[in-house]
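Notes for the one structure printed next.
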Amino acid sequence: MERSVTQVSQEEERMDVPALPDTSAEGTGTASPRIHRLGAVRSTQDEASALLRAGDAPPFAVTATRQTSGRGRLGRAFASPDGASLALTWAHRTSLGPADRGWFPLAAGLAAVAALEQVVPAAAGEQRIGLKWPNDLHTADGRKLGGILVEARGAEDLLLGIGLNLRGPVLDGDGEPVPGAAWLRGEAGLRPDVGPAEDRGLRVALEEALVAALGEELAALESAQGDGDAAGTRDRYTMTCLTLGRTVRVDPLGEAAAGADAPPTLRGAVLDVDEHGRLVLDRADGEGRIAVDVGDVRHLRPAAP
């Protein structure tokens, strides 16, 4: 997944769909940010963007039980079945300029891992959940539990979208299992299945934990002017990143401009995540170290002896 923050137009189309009752913190006497809990939507990113245009001030969150036109990396569209996944967008207003926001996408991944550890901690023998650089939620054996998309709206608003597979198996549009997918509950799930009747409680607990963790991680970066070391983000990230120490292939994102050479595919061993959140590779072609800012990272299996 790309690490950069994507700038998106304010003119997305909003789908008129029935919404569930909004069970946010407003009116409860607490200071918690508002959570807009919706039913079926095109995407939580679009719903949050519409709320910003209507004058809602961040921070707030939008969640949905179903997305019909969700967006992933590189603008890839997907749909999530009703109740089987968690979709949440956190709206954040930043005081930092674009050059100082490099750690935000990684911090969103940290917040997601922290929320999962709080709500569904791994017991002995259960799979650890960590981050494939920069912020895909993966198991130690390489299956993907969820993903994150960060988009900018205007000069100071950011939308951090998080999707998690709650119940599996995860199927594609043709009803076939999605290769390499992981999920929390159901047959072959990462955590014990206590039955579909408890899924709503799991969803609400994860939503609230995500909102709290996102607020904490982003507040630390804001206070440190985006400095990942001063905020402690880099230390927390390196303890969570499953890509460190791995041999990887990094494919370029997007298409080269007309007349321009496409960036090369890189292979190498991951040595570090630097002070800017970039992946530091020792190149397999013998050309030394390189810091990777964006790219599609694939973990490679160790070569056979």
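Between Asp141 and Arg93, what length comes free when the chain is fully extended (0.36 nm per residue of separation minus the Cα-Cα distance, one decimal in nm)? Provide the component values of the computation, followed by the final result.
Values: separation 48, 0.36 × 48 = 17.28 nm, distance 3.59 nm.
Once the chain is fully extended between Asp141 and Arg93, it gains 13.7 nm.
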Less than 18 Å from a label point 7 Å out along the Cα-to-Cβ axis of Val194: which backbone N atoms in the range 84-105 qualify, by residue? 84-86
Where does each of 134-147, 48-61 land if you order them by average Cβ count within 10 Å, highest first? 134-147, 48-61
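How far, in nm, would the chain grow between Ala124 and Arg289 when pulled straight, counting 0.36 nm per residue and subtracting the alpha carbon separation? Write down the numbers at each step before the final one.
On the way: separation 165, 0.36 × 165 = 59.40 nm, distance 3.74 nm.
Value of the extension gain: 55.7 nm.
How much FRET efficiency would the formula 1/(1 + (r/R0)^6) give for Asp282 and Ser32, where r is the Cβ-Cβ distance and R0 is 35 Å, rounded to 0.05?
Step by step, r from the Cβ atoms, then E = 0.20.
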Dipole magnitude of the range 244-299, debye to nearest 20 (Cβ charges: Lys/Arg +1, Asp/Glu -1, about Cα centre): 240 debye
Ordering 115-127, 171-183, 96-108 by per-residue average of other C-beta atoms within 10 angstrom, highest first, gives 96-108, 115-127, 171-183
Work the Kirkwood hydrodynamic radius out for the range 244-299: mean of 1/r over every pair of different alpha-carbon atoms, inverted, in Å. 11.7 Å
So what's the range 158-305 giving for Cα Rg divided by 2.2 N^0.38 Å, two decimals? 1.32
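Any read-out appearing in this document is the output of simple, stated calculations on the displayed coordinates, not a laboratory observation. None of these values were measured; they are calculated from a predicted model. Counting neighbours? That spans all protein chains shown, and the Cβs are built from the backbone with ideal geometry, glycine included.
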